[in-house]
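In what follows, a structure is listed as C-alpha cells, so that the remarks can point back to it.
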Amino acid sequence: MARVLLWIVLFYLVVRAVRRLLAGLVEGMNGGAAGSSSKPAVNLVRDPVCGTFVVPSRALTSGTGSEMRFFCSERCRQAWMSR
C-alpha cells in the first residue's frame, strides 16, 4: 500500500513539474505577457553622497534643471549642501 502511495505522489510531482515547465516556456515565448502583472521599469538615479540608487519621484532633491541632484535622505542632502 505504501508503495502505491509513493508512486501516486511521484506521478503527481512529475506532472506538476512538466506543467510548470510548459507554462514557463509559453510565457517566455510570448515575451512574458501571459498573465504578467509586472509594472513598467523605472529609471533610478544615484545619490551623489552615499551612492544609493533611488526612485526620482520619491527622492529628496536639491537644485534645478541640469543641476538637479537626488538624495536618499535628509542627511545626505545636508552633507551635499555643506560641501
> Sorting Phe53, Phe70 on the 10 Å Cβ count, fewest up front, what's the list?
Replying inline: Phe53, Phe70
>> Order 9-18, 41-50 from most to least packed using the mean count of other Cβ atoms within 10 Å.
In response: 41-50, 9-18
> Stokes-Einstein at 37 °C, 0.692 mPa s, Kirkwood radius from Cα pairs: D for the chain in µm² s⁻¹?
Replying inline: 188 µm²/s
>> If R₀ is 25 angstrom, what is the calculated FRET efficiency for the pair Val42 and Met81, using the beta carbon separation as r and rounding to 0.05?
In response: 0.45
> In nm, what is the difference between 0.36 nm times the number of residues separating Leu5 and Leu21 and their Cα-Cα distance?
Replying inline: 3.3 nm
>> Relative contact order of the chain, please, whole-number percent, based on alpha carbon pairs below 8 angstrom and at least 6 residues apart.
In response: 18 percent
> Given Thr61, Val9, Gly51, which one lies farthest toward the positive end of the charge dipole of the chain, if we put +1 on the Cβ of every Lys and Arg and -1 on the Cβ of every Asp and Glu?
Replying inline: Val9
> Once the Cα atoms of helix 2-29 and of the chain are each reduced to a long axis, what angle between those two axes, in degrees from 0 to 90 to the nearest 10, is obtained?
Replying inline: 40 degrees
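We did not get these values from a lab; they are worked out from the coordinates using the rules stated. These figures come from a predicted structure and were not determined experimentally. Counting neighbours? That spans all protein chains shown, and the Cβs are built from the backbone with ideal geometry, glycine included.
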